[in-house]
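Here the structure comes first, spelled out in structure tokens, and everything after it is commentary.
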Amino acid sequence: MGPCGLVYCLGSNTGIGKSTALELAKRGGRVILACRNKDKGEAAAFDIRKESGNNQVVFMQLDLANLKSVCSFAETFLNTEPRLDILVNNAGVIGHGCTEDGFGLAFGVNHLGHFLLTNLLLERLRQCGPSRVLTVSALLHCFGNIDFHLLASQKDVVPSQSTWHNFQGYCNSKLCNVLFTRELANRLEGTEVTCYTLHPGVIHTELCCNMSQWLQLLIMPLAKLFFLDPKGGSQTTLYCALQEGIEPLSGRYFSNCALQQVGAKGRDDGLAKKLWEISEKLTGLSQHA
């Protein structure tokens, strides 16, 4: 795609988000780090500016677990930033709890927050085309499912806050990422905005910080042995952001810097359309049209 232009990275104060932001900053782009924690976000921006030599790296505060914060951020962004060339939806959580709006944490942050923000910034992406939207999913999307009746009654895609259901909720949210990208591509057909979803690899990061202590103790030794480091995990994100000629593959799923097939549910256009329509209602998106 040539020079990076304006790159907006969600969840980029640590892990693969920070590594991705650093590599894009090294390529000369103006990079905005959108993070919930102000101190960590500003520290990450400082580190990236210092290591990349690029002073156009700034922090903007955003809490994806609060839809009002998402709307407020989008308004501020659109009033202050004239360009948006690459949107990286990288934030992700696994664990118990609910968002400010009462949704299950994984569903609310990993799907609804990204869904609303992408839609609020979509017109700016169109104006700056060719542009791209990247949403980080995971191989675990294959184990995901969406119970719309449960979602309607409990504002979540799992029935309880047990450790197992927290894990299942993460898988379900990753399926939502795949379906969101598929439907977004369908809606953007004929425009200069393309979108991709990806599995970054099994990354040793702070993703599991909300998991129960005993489960973290079980996972961490395995993580150190088998997981990729954040730099290795950022390579597929960078590929989808920068690789020329992949525009005809909009809506598709990548892993190890190559096109991959998604699970059967991730290829269901009817399911993707239904999730989109329900997500519009849950986020109040029609009020911002």
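Having 2 or more residues that are buried (at least 18 other Cβ atoms within 10 Å of the Cβ) and at pLDDT below 90 is the bar; report the helices (runs of 4 or more DSSP H) wholly within the stretch 212-276 that clear it.
Numbers: elements: 213-226, 230-233, 235-242.
Ranges flagged: 230-233.
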Checklist entry - For the subset of the stretch 143-155 comprising residues that are under 20 Å from Gly270 (Cα atoms) and in a loop (DSSP other than H, G, I, E, B), which member is least open to solvent (accessible area, probe 1.4 Å)? => result Gly144
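Yes/no per residue for (1) of a type in the set (Lys, Arg); (2) within 15 Å of Thr194 (Cα to Cα); (3) open to solvent by 10 Å² or more (accessible area, probe 1.4 Å):
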| site | (1), (2), (3) |
| --- | --- |
| Glu123 | no, yes, yes |
| Gln127 | no, yes, yes |
| His141 | no, no, no |
| Leu175 | no, no, no |
| Val178 | no, yes, no |
Checklist entry - Would you pick out the residues in the stretch 72-94 that are open to solvent by 20 Å² or more (accessible area, probe 1.4 Å), closer than 15 Å to Arg36 by Cβ and touching a residue at least 60 places away in the same chain (Cβ under 8 Å)? => result Asn90, Gly92, Val93
Checklist entry - Within the bounds of the stretch 13-27, is there any residue that is within 17 Å of the chain's Cα centre (by Cα), within 18 Å of Ser137 (Cα to Cα), modelled with pLDDT of 80 or more and open to solvent by 50 Å² or more (accessible area, probe 1.4 Å)? => result yes
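Among the residues of the stretch 156-177, what is the count of those that are outside any loop (DSSP other than H, G, I, E, B) and within 14 Å of Phe107 (Cβ to Cβ)?
Residues that pass the stated criteria total 13.
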Checklist outcome for this item: How many residues of the stretch 31-80 are among the β-branched types (Val, Ile, Thr), more than 17 Å from Leu122 (Cα to Cα) and in a helix (DSSP H, G or I)? The answer is 1
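The values are calculated or read from the model by the stated rules, or taken from the named source; none is laboratory data. These numbers come from a predicted model, not from an experiment. Methodologically, a virtual Cβ is constructed for each residue, glycine included, from the backbone with ideal geometry; neighbour enumeration extends over all protein chains shown. Ligands, DNA and RNA are excluded from the accessible area calculation, which covers all protein heavy atoms including side chains. Shrake-Rupley method; radii C 1.70, N 1.55, O 1.52, S 1.80 Å.
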